[in-house]
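Below is one structure; the comments refer to it alone.
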Amino acid sequence: MNNKQIIFSLLLILLISFGFKLLVVDFSIPVNSDNLDYTLYAIAHTNGDFSQSSHRGMGWSLFTSIFFGFINSENFLDYSNTIRMLSMVVGISSIPMMYLIGRKFFDQRYSLVAASLFAFEPHLNYNSTLGLTEPIFILAVIGAFYFILNQNTRFIILSLIMAGIVYWIRINGFWVFAAYSMSGRLTKSIEAIL
């Protein structure tokens, strides 16, 4: 396959995945439950309050607060729909990253199949429409995994930064950072740099 065919295939996968997400999402009701907390924290961050919950990471709410700064609305539904759309866009942006990880192990066709399985998985499509942390958490985890698999030792630092972002998004992401920190590949790369 040439590069144009791969790009066309990835764009087609992205469009179909976005269509599935649009079929599932309900823009007529405001967020509730956990995604309500993230939305309220993002609004608070926009207003200058950076206090952190004891049981939630603040990476997702800080990320969404950047976009909430452009919204000047009295309607909470506007903020609810913005966090949903951001969640969907982040979920879609992880599909090319999954293709790149697939290329580390398989040829182009199988990597497109891996990206398709990831893009069309119903639970991931549903979760990416709720405005929760899962899409950005998954993107950061597979980004860290991609960079640790890279042959260039300079990308190891990016892997650790992404693993740190995973922890910042969700507190249980500490285990990703710990696992990447203790990997043999990391130790060899640090020795090569020093």
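The values are calculated or read from the model by the stated rules, or taken from the named source; none is laboratory data. Keep in mind that this is a model prediction, so the values were computed, not measured. Counting neighbours? That spans all protein chains shown, and the Cβs are built from the backbone with ideal geometry, glycine included.
Quick look at the numbers
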| quantity | calculated |
| --- | --- |
| Scan of segment 75-92 for residues that are free of Cβ contacts under 8 Å to residues at least 60 places away in the same chain and either under 15 Å from Tyr38 (Cβ atoms) or charged (D, E, K, R) (or both), ordered by number | Phe76, Asp78, Tyr79, Ser80, Asn81, Thr82, Ile83, Arg84, Met85, Leu86, Ser87, Val90 |
| Members of segment 28-51 that are outside any loop (DSSP other than H, G, I, E, B) and within 11 Å of Gly131 (Cβ to Cβ) | Asp34, Asn35, Leu36, Asp37, Tyr38, Thr39, Ala42 |
| Positions within segment 141-172 being free of Cβ contacts under 8 Å to residues at least 40 places away in the same chain, within 17 Å of Ser94 (Cα to Cα), surrounded by 20 or more Cβ atoms within 10 Å (Cβ to Cβ) and of a type in the set (A, V, I, L, M), in sequence order | Val141, Ala144, Ile148, Met162, Ala163, Val166 |
| Residue count for segment 107-121, restricted to those that are assigned to a helix (DSSP H, G or I) and either acidic (Asp, Glu) or touching a residue at least 40 places away in the same chain (Cβ under 8 Å) (or both) | 7 |
| Residue in segment 80-87 that is assigned to a helix (DSSP H, G or I), loosely packed, with under 12 Cβ neighbours inside 10 Å and small (Gly, Ala, Ser) present | no |
| Ala140 in contact with a Phe, Trp or Tyr (Cβ under 7 Å, 6 or more places away or on another chain), in a helix (DSSP H, G or I), modelled with pLDDT of 90 or more and not acidic (Asp, Glu) | no |
| From the options Ile6, Ile71, Ile16, Ile29, residue that is surrounded by fewer than 19 Cβ atoms within 10 Å (Cβ to Cβ) and under 19 Å from the mean Cα position of the chain (by Cα) | Ile16 |
| Some residue of segment 90-106 being of a type in the set (Lys, Arg), in a loop (DSSP other than H, G, I, E, B) and either over 30 Å from Lys4 (Cα atoms) or touching a helix residue (DSSP H, G or I) at 6+ places or on another chain (Cβ under 7 Å) (or both) | no |
| Hits in segment 102-136 - residues which are crowded, with 19+ Cβ neighbours inside 10 Å and among the hydroxyl-bearing types (Ser, Thr, Tyr) | Ser111, Ser116, Ser128, Thr129, Thr133 |
